[in-house]
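Some notes on the structure that comes next.
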Amino acid sequence: MIWHPRVQPWTKVPLTALLALVFGSCASTGQTVAEEVEGTPAVLATLPEDETESEAQAAEPTPIDSEFDFDSLVAVIRSEAAEPRERSVLPFGIVWTPAAPTEGSAIAFRVLSPRGGLEPEAVVGRFADGVVRFGRIGKEWVGFAAVPFDTEGQQQLDLEFRFGDGSMYRQAVDLQVAARDWDETTLSVAPRYSSPPPEVQDRIARDRAQFRAVLDHASPEWLLEGAFESPRPYDVTAEFGQKRTFNGELQSRHTGLDLRGQVGTPVHAAGRGKIVLAGDFYFSGNGVFVDHGLGVYTGYFHLSEILVSEGDMVDPGDLIGRAGATGRVTGPHLHWSLWVDGKGQDAGGLLGLEIPRP
Ligand SMILES: [Zn+2]
């Protein structure tokens, strides 16, 4: 009798499923006390440049030749099913700000190696169905987690530490996320913004594609150093997340935070980063995107003037433009945005985050 080996589905486990296995069974340890790291050399993280992309590639089925080759099958099983050896180490100190997280506001996690503990080469996390990319700032590992709308109650950060010898260690912490009451408002704008005419549809699609191309990419290291600052005096005229009805017909969610600003008043960079997109967009008007590294971006919109160019590095407080009333507005102001892991978050929450300096 001839044995006809069949390729079983489990031989092609996608990376997403492996990650679920890796992260699915972590026991929670609660918040641990951070300790000072002493005499340990800084090791730079080598996180994948784009987690989503590598997951997508890994999920592609491997074509199998009709001629069966047992050795190649074994090689495929070994390479895809192999998990790094798990080791036990002293637990890491994990702290976060804000201390009481809320729906819609990103969390900054800081991880410290225990005194005399083993230094990881990379740290990756998962929180609320998203990726938390960690990178070194000085002696600490720092990672931002997005807290999407409708995320509330007990949540878990699952961490995986990878060491130079190929081994790994897992740790998890539980934290409570509070729900928020969102404002509702009705607004009147020029009809071309509530029901855009057919001739601008291509432009709107082009703007969206440009935004996604920026926001779906995560730079491999932090450009950020130290705390964020408000780009204008912190005088909020419309909260992030506000539920809006434009001209009684178009319903949407406010994707940024509005700060008071007359035409021509200065707009400053909120944190250290690189200008990755600056241009004139249909709804957002003149806008600037700053990449802070590891999938964290801030945006500054409706500007009357842009004073930076793509590729420029900026520090907090640097003048990047002037407030205005370009795009879909009811009057001049600064619309300030934040994205973490591709998701819109409350930029105002950045001001309460503790971020170390190198
Ligand atoms: Zn706004």
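Bear in mind these aren't lab numbers, they're just calculated from the coordinates by the rules spelled out. Predicted, not measured: the structure shown is a model, and the values here were computed from it. Quick reminder, even Gly has a Cβ in these numbers, built from the backbone with ideal geometry, and neighbours come from all protein chains shown.
With the charge dipole of segment 180-281 set up from +1 on Lys and Arg Cβ and -1 on Asp and Glu Cβ about the Cα centre, the Cα lying farthest toward the positive end among the listed residues A205, S195, T265 is that of A205.
The order of the peptides 318-329, 104-115 by mean Cβ neighbours within 10 Å, most packed first, is 104-115, 318-329. Averaged over residues, the count of other Cβ atoms within 10 Å places the peptides 156-169, 331-344, 304-317 in the sequence 331-344, 156-169, 304-317, highest first.
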